[in-house]
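Chemist: Below are the structure tokens for one structure; questions will follow.
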Amino acid sequence: MTSITAITLETADAAAAQRFYSDAFGLDGQVRLRATDAPTNGFRGFTLSLTTSQPANVKALVDAAVDGGATVVKPVAKSFWGYGGVVQVPDGTIWKIATSAKKDTGPAAQQFDDLVLLLGVADVAATKRLYVERGLDVAKSFGRKYVEFATGTGGVKLALYGRRALAKDAGVPADGSGSHRIAIHSDAGTFTDLDGFAFESLAS
């Protein structure tokens, strides 16, 4: 089964970004950093999510991100599906921190269960077909609205959403241009998808 093993975020200051992700989220192997001066503007077409086991952990992770310089896009709040919030971290990446749990079951911890990459694409069905041809297995599919792929042995969950729907969920305008500033590492080979998202081999 093809799986997503890691992602690389591109930023003007890779060392500072590495410190942020290590201190705020405890991310090391799943998220890599590399320096770039590629122009980018507005919504980059993707979000990253940390899902955790309880509301207290959501608050702990969001507080740590803000302490590290992140900006709150959507304040932490309850909703019909659970509890969560959205922040934009210093390198410009948008992160959603959430849980489906309604109540705490233990003390707050700066811990998460899953790292999820959501790509906002122009045509969910067409991108789904391309990814399936590359060996990714579909775990959930809701027509042309949303697709989630099986994680396999990788450390990153991958899902597709319409670009405007994803921007709305994140609480930001959908407009954007320039580099996505992300590369996706997998065993699917090296290719660029229909929306310009770059997939790189494991060794890249």
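The values are calculated or read from the model by the stated rules, or taken from the named source; none is laboratory data. Keep in mind that this is a model prediction, so the values were computed, not measured. Neighbour counts run over all protein chains shown; Cβ positions are idealised from the backbone, glycine included.
Chemist: Give just the number: which of (1) in a helix (DSSP H, G or I); (2) touching a Pro at 6+ places or on another chain (Cβ under 8 Å); (3) surrounded by fewer than 18 Cβ atoms within 10 Å (Cβ to Cβ) does ALA167 not satisfy?
Modeler: Failing condition for ALA167: (3).
To keep it simple, each residue is scored yes or no on (1) modelled with pLDDT under 95; (2) surrounded by 20 or more Cβ atoms within 10 Å (Cβ to Cβ); (3) farther than 22 Å from ARG44 by Cβ.
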| site | (1), (2), (3) |
| --- | --- |
| VAL87 | no, yes, no |
| LYS102 | yes, no, yes |
| VAL124 | no, yes, no |
| ALA139 | no, no, yes |
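Chemist: Is it true that VAL58 is within 15 Å of PHE112 (Cα to Cα), surrounded by 18 or more Cβ atoms within 10 Å (Cβ to Cβ), under 18 Å from the mean Cα position of the chain (by Cα) and modelled with pLDDT of 95 or more?
Modeler: Yes: the conditions hold for VAL58.
Chemist: Among the residues that make up the stretch 193-201, is at least one of them acidic (Asp, Glu), in a strand (DSSP E or B) and over 15 Å from the mean Cα position of the chain (by Cα)?
Modeler: yes
Chemist: For residues in the stretch 1-51 being of a type in the set (Ser, Thr, Tyr) and touching a helix residue (DSSP H, G or I) at 6+ places or on another chain (Cβ under 6 Å), which is nearest to ALA109 (Cα to Cα)?
Modeler: Among those that are of a type in the set (Ser, Thr, Tyr) and touching a helix residue (DSSP H, G or I) at 6+ places or on another chain (Cβ under 6 Å), it is THR47.
Chemist: Additional query: Starting from the stretch 176-187, take each residue that is of a type in the set (Asp, Glu) and list its partners that are assigned to a strand (DSSP E or B) and surrounded by fewer than 21 Cβ atoms within 10 Å (Cβ to Cβ), counting only C-beta distances under 8 angstrom and pairs at least six apart or across chains.
Modeler: ASP187/THR5
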